[in-house]
Structure formats: structure tokens, C-alpha cells
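Reviewing the structure listed below.
The values are calculated or read from the model by the stated rules, or taken from the named source; none is laboratory data. Computed from a prediction, not measured in an experiment: that's the story for all the values here. FYI the Cβ positions are ideal-geometry reconstructions off the backbone, even for glycines, and counts take in every protein chain you see.
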Amino acid sequence: MGPPAWAGCLMARIAAPEPGRSEGLYQFLAEAEEAEFRGWQDRQARRVSNGYEPETYPRQRRLEAVRAGAPVTVFDYDVPGERRSGSWPSATGRVVVSPDDTVRASAEDGMRAWLEEQGEAPPGWAVGN
């Protein structure tokens, strides 16, 4: 029996992803946030039409950040595994994704940030403190 059919073929090598970068991640997060906001607007319209008071969008800070093209802080679970590449830098459960797709660990307290995003932070617990 001779060599396998693929023997002697040249195979291209795919470069390893640069640590701390995840190609297209920021755009993915921006599109996902806009889609979430549109869905929230639809739900909000039904809620108001049923006589309930309007509410504020719970992730307004994140929405404003992606619309401004600013770095955005997200929870690890907001990033699907297939979108992660290189060494994933999270130590706190939150990462900061920049418009150039660089990813770094966030120094933000994850629970505190979640409470602030949901508008449930205790009185006197100012955003960014």
C-alpha cells in the first residue's frame, strides 16, 4: 500500500490568534446590543399599551458606549465561546472590549456593575464609584 492521498500536499498554516484580540468581537457585540434594544422597545411598547408605566432600558450605558464607538464592558457570558480567541483575559467575570477588538480584563466589580445596569444599585452607590 502506498502513501496516503494527501501525502506530499502542502497545507497552509493558520496563524494563531493574537492574545487579547478577538476579530470582529466589537462589531458582534454592537449588533447584539442593538438587536436587544429593538426587542426591548417592542416589549416596552406592548407594556405601555397595556397601561403600565414606561421603564428605562436597563443597559443604557452599554448601548451608549457601542453607539459612540467607545470601549464596552461586558460579562464573560455575553461573549459566545466561538468568539473568544487567544488567552481570554477575564479574572473578574467582566471584560472590556475596544473597537479595535482588543480584550482586557475589567477591574470593575461584576455584581456591582450588573446591579447598576439593572437600575437596582443601593442608594448612594453611584455609577463609577
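Just a few scattered comments:
- Within the option set P54, P17, P58, being assigned to a loop (DSSP other than H, G, I, E, B), under 16 Å from the mean Cα position of the chain (by Cα) and modelled with pLDDT under 90 holds for one residue only, P58.
- Considering residues of segment 31-46 that are surrounded by 14 or more Cβ atoms within 10 Å (Cβ to Cβ) and among the charged types (D, E, K, R) only, the residue farthest from P99 (Cα to Cα): E36
- Top-ranked residue of segment 62-91 - restricted to ones that are crowded, with 16+ Cβ neighbours inside 10 Å and polar (S, T, N, Q), ranked as modelled with the highest pLDDT: T73
- Looking across segment 96-112 at every residue that is in contact with a Pro (Cβ under 8 Å, 6 or more places away or on another chain) and over 12 Å from Y26 (Cα atoms), the one that is modelled with the lowest pLDDT is identified as A105.
- Residue pairs whose Cβ atoms lie under 8 Å apart, sitting 6 or more positions apart in sequence or on different chains, and linking a residue in segment 34-59 that is farther than 19 Å from V72 by Cα to a partner that is assigned to a helix (DSSP H, G or I), are P54/Q44; P54/R47; P54/V48; E55/Q44; E55/R47.
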